[in-house]
Structure formats: structure tokens, C-alpha cells
1. Only one of 124, 163 is on the phi > 0 side of the Ramachandran plot and under 16 Å from the mean Cα position of the chain (by Cα). Can you tell me which?
2. Tell me, yes or no, whether the stretch 142-150 has at least one residue that is crowded, with 19+ Cβ neighbours inside 10 Å, at pLDDT below 95 and more than 26 Å from residue 55 (Cβ to Cβ).
3. What strands (runs of 3 or more DSSP E) lie completely within the stretch 165-226 and have 2 or more residues being over 26 Å from residue 125 (Cβ atoms)?
4. Can you confirm whether the stretch 91-109 contains a residue that is in a strand (DSSP E or B) and surrounded by fewer than 21 Cβ atoms within 10 Å (Cβ to Cβ)?
5. Can you tell me how many residues within the stretch 60-80 are touching a helix residue (DSSP H, G or I) at 6+ places or on another chain (Cβ under 7 Å) and without any contact (Cβ under 8 Å) to a residue 60 or more places away in the chain?
6. How about the stretch 113-152: which of its residues are more than 19 Å from residue 205 (Cα to Cα), part of a helix (DSSP H, G or I) and in contact with a strand residue (DSSP E or B) (Cβ under 9 Å, 6 or more places away or on another chain)?
7. Of the residues that make up the stretch 47-59, is at least one assigned to a loop (DSSP other than H, G, I, E, B), in contact (Cβ under 8 Å) with a residue 24 or more places away in the chain and either farther than 13 Å from residue 32 by Cα or over 19 Å from the mean Cα position of the chain (by Cα) (or both)?
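The values are calculated or read from the model by the stated rules, or taken from the named source; none is laboratory data. A quick note: this is a predicted structure, and the numbers were derived from the prediction, not measured. Virtual Cβ from ideal backbone geometry, glycine too; neighbours counted across all protein chains shown.
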């Protein structure tokens, strides 16, 4: 009889414990927006108020049980600081190890390395738009021929980590993007292609192991910056045990509220956080076989010869 009582109490205790189990903690994401180069209006703090992108992310966080922290302070980057987050989200520009345009505290080289180790250890990284206009292989102030070349294994460690690098952009325009993996999270309702007005980056130096998610129809676009074959605009890749996801979209405010962009972004964040899984095998050769063909370098025009009186 005693044995039955003990078993009954044990079962009751398990049921009671499960009924009062604390809900899983919200995933924490650092949205980092230091601008050592050009500062985009969509991530600019005006009069101490949150930026437009931060307001959008706050709403997406409430819907998806994510807790966002917003910062432009690069000096905090280090192992202990990053450990509190499940993913880091970049919308940045320039050499983040210098104060640059916004004069916010810069990263240290050790902080930059800490980011890589953080992701390799199993965390997530998300990048939108100008995240590829960050830590250029060639000095940001020397936008010459080097910006139009692929550096491959000699590219900056951040470029190899992210998966590609910004060259230049042309005039804002409507451009067609083809979805190359409709099964990847966020693309379920997007369809086989989409198009909207945006500032489309021309990109280069793609890391060979990226899993391409969207490819832009560059030949149909206006401007010398797009005088090239189709190339990736959204991709995912593994970095050690961690996950890296990037999209070139995100310049305009109306893009941040566009349902297509939001679906793609939410899917990318979920994947980077490990909330959902997807196959991310390298597919650059199959989806954009001529992606390493960059637009021609616009050589500077020679200065006019000075005219001297006879």
C-alpha cells in the first residue's frame, strides 16, 4: 500500500511541476548600428528617439518573442558582452575599429575577433543592407580599382565571414529578384520572384560556401553599377557551429514595412537563432554562375590640360 502511495505522490508531483514550468526565455538579439562610414537615415537616432528600423524590429520582436537591444557602442564588443545575446544583427558601415562618421566608440581588433569566435561557438549573425559596406578589404577612403576586384582568400576576415562585399550602388529602382530556395524559412509565401523599389547594392567577393536565397536580374537594371550578370542579394552560410544570414535589402523605410521583406527577414532571424532549420549547402555555382564578374571600373577622367597664354 505504501508503494502505491509513493508512486501516486511522485506522479502528482511531476504533473504539478509541469503545470508550473516557467516559459522559455525570450531570445536576445543585439541590433548594432554603428556608422563609421555613411549613416543611413533608417538607423539614425534623432533627438534621442529610436530609429525607424528599431521601431519595426521592436514590433517584430513582440510578435516573435524576441528581445532586442539597440547599440552603436563598438567598445563593448568582447566575449563576456556578446555572451548575453543569442544573435547579433548588423546594420553598419565602414571600419568599425575607427570612430568615423557617427563618432560612437569603435570596436577594438580584439572585439572584432570576439564576434567571429562568438558565432563560431554556435550563435547567430544577421546582416542587412550596409552590413556588406563594412570592414572593406581595401581602405574605405580609397574607392579605386581595388573596390572592383575580388580578393578571394585575401579578403578581409569580416568579408569572408559575412559572405560578400559592397562595391557601389546606382539609382534607386524596381528590380526583379528570383527566389532560389523557396523552402528556406521566410520564403514560403514570397513566390518564385519579387520586385520593389530599393537602393540595390552591387556586390562582389562572394564566399564560395554561401547558400544563395535570392538572385537579382542585374542585366535588366539601369546604371553602370549593374552592368554584370545576375548575382546574389540574400544568402545564408555556416560559420563553425554558428549561422550567418545576410540580405542586401533594407535601405528604404517602406522596404522595412514591406510584407515580402518582413517575411524574408523574420525567416532569416529565426534560422540564425536556431529556432528553425534549413539545408544550407553551397549553391553559388548553380544559382549565379557568373557572380564573380564585377561591373567595369569607371576609370577617373583625366584632368583637363591647363591652358596657358602664348
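1. On the way: 124 fails: on the phi > 0 side of the Ramachandran plot.
After ruling out the rest, the residue left standing is 163.
2. Keep residues of the stretch 142-150 that are crowded, with 19+ Cβ neighbours inside 10 Å, which gives 147.
Imposing the further condition that a residue be at pLDDT below 95 reduces the set to 147.
Still in the running and more than 26 Å from residue 55 (Cβ to Cβ): 147.
There is at least one residue in the stretch 142-150 that is crowded, with 19+ Cβ neighbours inside 10 Å, at pLDDT below 95 and more than 26 Å from residue 55 (Cβ to Cβ).
3. Values: elements: 165-169, 173-179, 193-198, 201-204, 211-216.
Of the strands (runs of 3 or more DSSP E) lying wholly inside the stretch 165-226, those with at least 2 residues that are over 26 Å from residue 125 (Cβ atoms) span 173-179, 193-198.
4. Within the stretch 91-109 (the criterion being in a strand (DSSP E or B) and surrounded by fewer than 21 Cβ atoms within 10 Å (Cβ to Cβ)), the answer is no, since none of the residues qualifies.
5. Of the residues in that region, 7 qualify.
6. Of everything in the stretch 113-152, those that are more than 19 Å from residue 205 (Cα to Cα), part of a helix (DSSP H, G or I) and in contact with a strand residue (DSSP E or B) (Cβ under 9 Å, 6 or more places away or on another chain) turn out to be 115, 118, 119, 120.
7. In the first step, residues of the stretch 47-59 are kept if they are assigned to a loop (DSSP other than H, G, I, E, B); the result is 47-48, 50-51.
Among the residues that remain, those that are also in contact (Cβ under 8 Å) with a residue 24 or more places away in the chain are: none.
No.
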